[in-house]
Amino acid sequence: MSYAFLQQYWWFIVSLLGALLVFLLFVQGANSLVFSLGRTEEGQRKVIESTGRKWEITFTTLVTFGGAFFASFPLFYSTSFGGAYWLWMIILFSFVLQAVSYEFQHRKGNLLGTRTYRWFLVLNGIVGPLLLGGAVATFFNGSNFIVEKASLTNLGAPVISSWANASAGLDALLDPWNLIFGLAVMFLARMLGILYIINNVPDEDIRSRGSVRLVGCTVPFLVLFLAFFVRTLLKDGYAVDPATGAVFMEPMKYLHNYLRFWPLTLMTVVGVALLLYGVLRTIFSSSYVKGIWPAGIGVVLVVLSLFLVAGLADTAYYPSNVSLQSSLTITNSCSSEFTLRTMFYVSLLVPFVFGYIAYVWRVMDRK
């Protein structure tokens, strides 16, 4: 195994975890609609009990995604999580609110009341996917950071990377295209949440309302996602000279990446087709309740292809808008060959982890 293979392998693992995380945001999507899907107290309880059996899987995947990034691409972790800390802290705080809400909303004598904790779930269901989508969009639109590896020898301030302004990552929300993709992810999470509830909660009233809400979420998602996707294909991308490592702007770089790696193009087409199949069949067939599965597989395929296009084919996956040569690539931000090789053998246990998740999923659904 060469060093280059290990770098690409771990980018694939991180991309797969990111794709799975986006699928698992159905928990947030369903929670954001708890008052809409469940008009009565009993209906709201059914929705929350259903997502309450899965929220830990989503949170664990989020932590694993961050941990994998830290272990395999530590410079990204220190640059993004350390520099854009307010953006990530708000995301994590919203997930903490979710955990607290599940734990305390039914406790006797809680001071805030059940309804307040349910609004916390709604807040997490909106803020979490929105900001996560905005953070991922910076992989294509760039961020405002500077990397100076030479400063590591500065005993007074041995900091490799720093944010170029005082916003600590919140400036990402000033880019309308980041917001567009963030909104697309939020509506996607709602679509998946509705499909999950239709599959998991045998209540005809909730299912009928879910089908109506599904239309209202699918239309804005398609508009927002297609606008972002088409613009990304046509915009200048952040290319890397493999000989020198210099970063430069290449017209339609991401379109070239899709054309260069045709399997990724195929993955995207198949993924979109599966997503639309799951959604449209659910809308037009009241007896079909398994739309979450083709739609979920489709989402994983599309998001996986997006991550791979952002980092492979001599592309800077975390570009800097203020210092182009500070942009991060899978070669200049990864761990040592020894670390990646050691983790490679550990990663062979990943299929067993997926098997355990599937087992826990089925056990929780039986409760």
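Between Ser143 and Ser320, Asn321, the built amide H atoms are under 5 Å apart, and every one of these is 5 or more places off in sequence or on another chain. Normalised radius of gyration (Cα atoms, divided by 2.2 N^0.38 Å) for region 53-135: 1.24. Computed over the chain, the per-residue total of -39500 (n - 2.57) for DSSP H runs of n ≥ 4 gives a 222 nm mean residue ellipticity of -22500 deg cm²/dmol, rounded to 500.
Compared with the dominant principal axis of the Cα atoms in the chain, helix 41-52 is inclined by about 30°. The candidate values were (i) 22.9, 68; (ii) 20.4, 81; (iii) 20.9, 67; the one computed from these coordinates for Rg and Dmax of the Cα atoms in Å carries the label (iii).
On the basis of the beta-carbon distance and an R0 of 25 Å, Trp86 and Ala164 show a calculated FRET efficiency of 0.95.
Computed over region 202-284, the P(r) tail beyond 19 angstrom holds 57 percent of alpha carbon pairs. Can you tell me the orientation of helix 114-141 relative to the chain, as the angle in degrees between its alpha-carbon axis and the longest Cα principal axis, to the nearest 10? Compared with the principal axis, the helix lies near 30 degrees. State whether region 313-367 is rounded, prolate or oblate according to the following rule on the C-alpha gyration tensor (a ≥ b ≥ c being the square roots of its eigenvalues): a/c under 1.5 gives rounded; otherwise a/b larger than b/c gives prolate, and the remaining case gives oblate. Taking the square roots of the gyration eigenvalues as a ≥ b ≥ c, region 313-367 is oblate.
Relative to the longest principal axis of the Cα atoms of the chain, helix 337-347 runs at roughly 20 degrees. PRE reach from Glu49 (point 7 Å along Cα→Cβ): which of region 89-122 fall under 14 Å by backbone N? Under 14 Å, as judged by backbone N against the label point of Glu49, lie 106 of region 89-122. Sequentially through region 207-215, phi angles give Karplus couplings (6.51, -1.76, 1.60; θ = phi - 60°) of 5, 5, 5, x, 4, 5, 5, 4, 5 Hz, Gly and Pro residues having no value and appearing as x.
All of the numbers you see were taken from the coordinates with simple rules; none came from a lab. Small disclaimer: the values here were computed from a predicted structure and weren't measured. Cβ sites come from the backbone with ideal geometry, for glycine too, and all protein chains shown count toward neighbours.
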